[in-house]
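The structure appears below as structure tokens.
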Amino acid sequence: MPERLGPPLAKPLFERIALVGLGLIGSSIARATRHLNLAGNIVAIDRSEEVAARVRELRIADEATTDLLAGVRDADLVILCVPVGVCGVVAEAMRAGLKPGCIVSDVGSVKASVIAQVQPHLPQGVHFVPAHPVAGTEHSGPDSGFATLFHNRWCILTPPDGTDEQAIERVRAFWSAMGSNVEIMSAQHHDLVLAITSHVPHLIAYNIVGTAADLETVTQSEVIKFSAGGFRDFTRIAASDPTMWRDIFLHNKEAVLEMLGRLNEDIALLARAIRWGEGDKLFDLFTRTRAIRRGIISSGQETPEPDFGRRREDKA
Ligand code: NAP
């Protein structure tokens with residue numbers, strides 16, 4: 001069933017919001033904000049004039065500029081939607097334009113590093129509420145976004161200790177209005193959880209697709225021809241944005257290495273079970289993993305059909 005957004009709010013939650021980086025996530029926020037009337041004014045800021053021009057054509061913001069300082073001026077919510085490796089540089093560059101009382105947030109897939117990069121650059125009186133919408137596709141750029149991307153998905157907020165409660169509630173209300181289920185946790189816990197649920201699975205996909213491409217005994221055409229055997233599903237993940245994922249691994253180093261250590265041990269056990277013909281061990285594991293898949297479907301985070309949440313007709 002295609003998901004639908006609710007009706008627009010009678011009164012916007014923010015007067016002026018500035019989105020920095022109009023890729024998949026930034027442009028999806030712009031579309032949802034516009035559709036749901038979450039802000040009186042939407043300013044799109046991108047370093048590329050080409051992207052700013054495309055945003056104007058798509059009419060998903062009220063203004064589109066490459067001027068970061070002018071763009072964030074007078075905004076009461078600024079959301080960084082750029083790769084996690086550049087959040088600090090962008091925060092430093094926009095600092096002088098932030099008005100007192102403004103809320104700064106982000107959407108980065110790693111939280112402790114983003115907090116460490118951004119917080120030192122924010123002036124007194126500006127509130128920082130880091131966020132991570134656990135929603136996405138393998139596509140990038142302003143054309144790839146859609147307003148329902150965050151609907152029925154989790155958005156994790158990781159406010160540092162002492163963050164203004166009202167600011168947290170305003171950011172929570174913003175994501176709830178876009179249809180997300182909001183949860184609050186520490187940045188460290190977020191990074192550990194996402195290492196196993198998102199980061200390591202991406203690393204495995206990059207690895208398996210790379211290995212298959214390098215095999216000398218299997219030709220490229222066979223890899224493509226017989227991809228429906230399981231490989232195809234990995235290639236979708238392995239098509240994700242290289243800059244974004246390079247930054248995620250470099251900025252969540254400890255948690256990813258910790259989870260990879262566990263994974264290596266478990267893979268060694270599986271190899272042993274195969275070598276010694278221990279079918280019961282394999283069967284028990286595959287039964288448990290099948291139950292996890294069913295649990296994900298019954299919790300509404302996936303449907304049995306392939307390509308859930310990524311069909312063009314779902315776009316609003
Ligand atoms: P995207 O489609 O590639 O968009 C990235 C945006 O960041 C583009 O506007 C890009 O500008 C800008 N940017 C890149 N490098 C920059 C730099 N050095 N300085 C200033 N701006 C720069 O990526 P995305 O998928 O929207 O991801 C954005 C953020 O969302 C990342 O932090 C990612 O971790 C997080 N996130 C992604 C997903 C997902 O599935 N994709 C899900 C949840 C969270 P140009 O247009 O000039 O390249």
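The values are calculated or read from the model by the stated rules, or taken from the named source; none is laboratory data. As the structure is a prediction and not an experimental result, all values here were calculated from the model. Cβ placement follows ideal geometry from the backbone for every residue including glycine, while neighbour counts extend to all protein chains displayed. For the accessible areas, the whole protein counts, side chains as well, though only heavy atoms, and no ligand, DNA or RNA atoms are used. Shrake-Rupley method; radii C 1.70, N 1.55, O 1.52, S 1.80 Å.
A few points about this structure:
- Against the numbered list (1) out of contact with any Ser or Thr (no Cβ under 6 Å at 6 or more places or on another chain); (2) in contact (Cβ under 8 Å) with a residue 24 or more places away in the chain, I224 comes up short only at (2).
- Meets criteria (charged (D, E, K, R) and in contact with a helix residue (DSSP H, G or I) (Cβ under 8 Å, 6 or more places away or on another chain)) for R4: no
- The set of residues in region 121-157 being touching a strand residue (DSSP E or B) at 6+ places or on another chain (Cβ under 7 Å) and assigned to a helix (DSSP H, G or I) is empty.
- Residues of region 146-164 that turn out to be charged (D, E, K, R) and closer than 16 Å to L77 by Cβ, as a count: 1
- Look at (1) more than 12 Å from the ligand (Cβ to nearest atom); (2) in contact with a strand residue (DSSP E or B) (Cβ under 8 Å, 6 or more places away or on another chain); (3) of a type in the set (A, V, I, L, M, F, W, C) and you find that A70 fails only one, number (2).
- The one condition in (1) more than 18 Å from A255 (Cβ to Cβ); (2) in contact with a Ser or Thr (Cβ under 9 Å, 6 or more places away or on another chain); (3) open to solvent by less than 60 Å² (accessible area, probe 1.4 Å) that I168 fails to fulfil: (2)
- Region 77-118: number of residues that are closer than 11 Å to L19 by Cα and either more than 13 Å from the ligand (Cβ to nearest atom) or touching a Lys or Arg at 6+ places or on another chain (Cβ under 9 Å) (or both): 4
- Residue in region 244-257 that is more than 14 Å from the ligand (Cβ to nearest atom), surrounded by 12 or more Cβ atoms within 10 Å (Cβ to Cβ) and of a type outside the set (A, V, I, L, M) present: yes
- Some residue of region 216-237 being within 17 Å of V134 (Cα to Cα), more than 15 Å from the ligand (Cβ to nearest atom), outside any helix (DSSP H, G or I) and of a type in the set (G, A, S): no
- Residue check, P160 in a loop (DSSP other than H, G, I, E, B), touching a residue at least 40 places away in the same chain (Cβ under 8 Å) and more than 15 Å from the ligand (Cβ to nearest atom): yes
- For region 27-66, a residue qualifies if it is acidic (D, E) and either within 15 Å of D143 (Cβ to Cβ) or within 15 Å of the ligand (Cβ to nearest atom) (or both), and the qualifying residues are D46, E49, E50, E57.
- Sole residue being touching a Lys or Arg at 6+ places or on another chain (Cβ under 9 Å) and open to solvent by less than 60 Å² (accessible area, probe 1.4 Å), chosen from T158, T163: T158
- Which numbered condition K225 misses (of (1) farther than 22 Å from E302 by Cβ; (2) of a type in the set (K, R); (3) assigned by TED's automatic domain parsing to the domain that holds N37): (3)
- Which listed residue, of S176, S198, is in a helix (DSSP H, G or I), under 23 Å from I296 (Cβ atoms) and assigned by TED's automatic domain parsing to the domain that holds G141: S176
- If the condition is being away from the ligand (no atom under 11 Å from the Cβ), among the hydrophobic types (A, V, I, L, M, F, W, C) and without any contact (Cβ under 8 Å) to a residue 60 or more places away in the chain, then region 119-154 contributes L122, V126, F128, V129.
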